[in-house]
1. Determine whether D18 is surrounded by fewer than 16 Cβ atoms within 10 Å (Cβ to Cβ) and assigned to a helix (DSSP H, G or I).
2. Contact list please: Cβ distance under 7 Å, first residue in the range 3-27 and aliphatic (A, V, I, L, M), second residue open to solvent by 80 Å² or more (accessible area, probe 1.4 Å), pairs at least six apart or on different chains.
3. Quick check on R150: is it modelled with pLDDT of 85 or more, open to solvent by 60 Å² or more (accessible area, probe 1.4 Å) and assigned to a helix (DSSP H, G or I)?
4. Identify all residues within the range 129-147 that are more than 16 Å from D119 (Cβ to Cβ) and open to solvent by less than 100 Å² (accessible area, probe 1.4 Å); write none if there are none.
5. Out of the residues in the range 21-42 meeting the condition of being open to solvent by 70 Å² or more (accessible area, probe 1.4 Å) and not charged (D, E, K, R), tell me which one is nearest to A71 (Cα to Cα).
6. Tally up the residues in the range 47-103 that are more than 30 Å from E32 (Cβ to Cβ), modelled with pLDDT of 90 or more and open to solvent by 70 Å² or more (accessible area, probe 1.4 Å), please.
Amino acid sequence: MTDGREETFRRLYAAHFDAVLGFALRRTERPEDAADVTADTFLVAWRRLAHVPAGQEQRPWLYGVARRVLANHRRGDRRRTHLGERLRRELAAAVPDVSDGVVQRADVTAAMRRLSARDQEVLELHLWEGLEPREIAEVLGLTTVVVRPRLSRARARLRDLLGNDPEAGGHVPSRQPQLTREERP
């Protein structure tokens, strides 16, 4: 009985594969989606082989199955798209954009390489390891009195290399030219 079922399916597949694939290709954007629709259509045909009509009714029946399979694929795509959008929104709210930080770290790393080994070491211990001057002094086997000015000078050298000194606080001077006494009305 199984051999007869397999032979019936093989004939159905051989007779209508190209037509079902063409049906799917004309209704999908990507060939791989059409291949999935075609494969799923013939899977349904295999499972429901007893319900497949005979003769000229086979192709319209397969098109009907392919149409429903395609609708299921589209619903699945929409669900995945909506889920992806929701996850991106939630992720954006939960995780900050790190791209600016990556660029800044690259700039800092390049500037750090231009510093002396002594400046690099004290800055790495402070900035990267989060150590305070007294802890840095302990790591380096120095006194805090030596580490504080060394750290201060290293920071200043790094700022000079980065060129991003913060603006001085206080009043921002006006950009408008001032009238001299002779020019005033």
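1. Values: surrounded by fewer than 16 Cβ atoms within 10 Å (Cβ to Cβ): yes; assigned to a helix (DSSP H, G or I): yes.
Yes; evaluated as a whole, the condition is true for this residue.
2. As it stands, the answer is A19/R59; L25/P31, since those pairs meet every condition given.
3. Details: modelled with pLDDT of 85 or more: yes; open to solvent by 60 Å² or more (accessible area, probe 1.4 Å): no; assigned to a helix (DSSP H, G or I): yes.
When the stated conditions are applied, R150 does not pass them.
4. So the first thing to find is which residues in the range 129-147 are more than 16 Å from D119 (Cβ to Cβ), and the list is 130, 132, 134-135, 138, 141, 143-145.
Within the range 129-147, G130, E132, E135, G141, T143, T144 qualify.
5. Here is the first cut: in the range 21-42, the ones open to solvent by 70 Å² or more (accessible area, probe 1.4 Å) are 25-27, 29-32, 36.
From the residues that got through so far, the ones that are not charged (D, E, K, R) too are 25, 31.
Details: L25: 14, P31: 16 Å.
By that ranking, first place goes to L25.
6. Within the range 47-103, the subset more than 30 Å from E32 (Cβ to Cβ) is 50, 54-56, 93-103.
With the extra rule that they be modelled with pLDDT of 90 or more, the set shrinks to 50, 54-56.
Keeping just the survivors that are open to solvent by 70 Å² or more (accessible area, probe 1.4 Å) gives 50, 54, 56.
Matching residues across the range 47-103 total 3.
The values are calculated or read from the model by the stated rules, or taken from the named source; none is laboratory data. In this text, all values refer to a predicted model and were calculated from it rather than measured experimentally. Cβ atoms come from the backbone with ideal geometry, glycine included; neighbour counts cover every protein chain shown. Accessible surface areas use protein heavy atoms only, side chains included; no ligands, DNA or RNA. Shrake-Rupley method; radii C 1.70, N 1.55, O 1.52, S 1.80 Å.
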